[in-house]
Amino acid sequence: MSLSPKLKNKKQEHIAAHHGRKLLRFLEKKKDSISPLLIVTHDYPDPDAIATAMGLQYLAERLHGIKSRIVYKGIIGRVENRAMVDLLKVPIHKFRPSDIKSYENAALIDTQPEFENNPYPRNKKVTLVIDQHPYVKRPLAELAIIDPDCGATSVILSQALLLSGLEIPRRIATALAYGILSDTLNLYRAHRADIIQTYLDILPLCDMRALIRIQNPPKSKKFFSTLNRGLQGARAFRGVIVSHLGEVEHPDLVSEIADFLLAYKGMERSLCTGRYKDKLHVSLRSNRLTDETPEILRDIFDDRKEAGGHDMVAGGSFHVRGKDKDETRWHDAEFTLVVRLLKRLRLPTKADFYKPFQHEKPELASKKEL
Ligand SMILES: [Mn+2]
């Protein structure tokens, strides 16, 4: 039996608030035992993870004097994310292995103990989990707030802050608004009324100028040369566009180019790879609402645990072993992914891809420039 749409909406109105209250009650109850708290985001943190961590830090400190340190592994590469950290003065630090010993309590943000995309030891107890990714195994934590339909983990923290009665600083409101926007594709993937309402409640508290500057940061020459490589090497076939970027300056470029290629007319899915250190980083994007993109990516990986995501966004990485210069191993890994993807999508694997951005004749291009 399914609820009528009206009833369903009524019920959904309060989900984020319910989670926010749960978090507030937990902090109140545990205030004397969880300080200091290590706040761990997923590797290569995105705006949603960064904003949620910031919100939690502020909430815990202001309400109960709980001290914390926000840490991450990997790098913050995407230009927008770097602009966010700079402009909003985000107190985020590189994870050090010694953090595990120094902190008895840890909160995992936008990730879970079972996931491979965070530096926290799998077998160690976690105090708190706040996440939007569906779990494979219910996480072992004192409190796990997992809401796969909340659009962005920032929605949960926004609700907790709004309900706490605290004044919300502009930089934190701005971070949360950007976290929501970037994880929901500007609210396109916000499928619940309470997500939109949370965003609307946070928005008037934002620094609009900072928000616009974060969304439109100046991009480096490196970005454009990588984009150029991504376009030149792109191959398309039946709504699937693929590009292997080769070595990249930072892994976030892979997801940036995947997003960019998906916008090409007629495309429904984009797959992009990039080599960084000894790992192949992979991003899969879709604009088909029915796609379970993370599930598709997991199906084409050797180790399912190395891929994840939510809705129509998926990413992951795996080690490509062998010597540094061993081109064939990298090539094989990239090739295998494409073949598996086509099979998974039930598309012929022997069909001809075309290179959509290599049509224009050079003479013509230079004449146009005149
Ligand atoms: Mn998120």
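Rolling a 1.4 Å probe across all protein chains gives Arg329 an accessible area of roughly 120 Å². Pairs of Cα atoms nearer than 8 Å and 6+ residues apart set the relative contact order; for segment 77-213 it is 19 percent.
A compact globular protein would have a Cα radius of gyration near 2.2 N^0.38 Å; the ratio found for segment 266-308 is 1.23. Each Cα pair under 8 Å and six or more residues apart adds its sequence gap; the mean of these over the residue count of the chain is a relative contact order of 14 percent. Summing Lys and Arg as +1 and Asp and Glu as -1 over all other residues whose Cβ lies under 11 Å from the Cβ of Asp131 gives a net charge of -4. Projected over every direction and averaged, the convex hull enclosing the alpha-carbon atoms of segment 12-215 yields 10.1 nm². Computed with a 1.4 Å probe over protein heavy atoms only, the accessible surface of the chain comes to 51 Å² per residue.
Two numbers describe the Cα atoms of segment 99-184: Rg and Dmax, which are 13.9, 38 Å. Ligands, DNA and RNA left out, the accessible area of the chain computed with a 1.4 Å probe is 52% carbon and sulfur. The order of Lys73, Lys22, Lys101 by accessible area, most exposed first and with a 1.4 Å probe, is Lys101, Lys73, Lys22. When shorter helices are ignored and each DSSP H run of at least 4 residues is given -39500 (n - 2.57), the per-residue value for the chain at 222 nm works out to -13000 deg cm²/dmol.
With a ≥ b ≥ c taken as the square roots of the eigenvalues of the C-alpha gyration tensor of segment 223-344, please select rounded if a/c is under 1.5 and otherwise prolate if a/b is larger than b/c or oblate if it is not? Judged from the Cα gyration tensor, segment 223-344 comes out oblate (a/c at least 1.5, b/c at or above a/b). Whole-percent P(r), the chain, all Cα pairs, 20 Å bins from 0: 28, 56, 15, 1. Close amide H contacts of Gly246 (hydrogens built in the peptide plane, cut-off under 5 Å, sequence separation of 5 or more or a different chain): Arg275. Taking every alpha-carbon pair under 8 Å whose residues sit at least 6 apart, segment 223-344 reaches a relative contact order of 18 percent.
Summing Lys and Arg as +1 and Asp and Glu as -1 over all other residues whose Cβ lies under 15 Å from the Cβ of Ile214 gives a net charge of 0. Taking other residues whose beta carbon is less than 11 angstrom from the beta carbon of Asp183, and scoring Lys, Arg as +1 and Asp, Glu as -1, yields -3. Note on segment 52-95: percent of Cα-Cα distances in each 5 Å bin, starting at 0 and stopping at the bin with the largest distance, equals 5, 20, 26, 25, 14, 7, 2.
The values are calculated or read from the model by the stated rules, or taken from the named source; none is laboratory data. The shown structure was predicted, so the numbers you read here are calculated from the model rather than taken from an experiment. Neighbour counts are summed over all protein chains in view; Cβ atoms, including those assigned to glycine, are modelled from backbone coordinates with ideal geometry. With ligands, DNA and RNA removed, areas are computed over all heavy atoms of the protein, side chains included. Shrake-Rupley method; radii C 1.70, N 1.55, O 1.52, S 1.80 Å.
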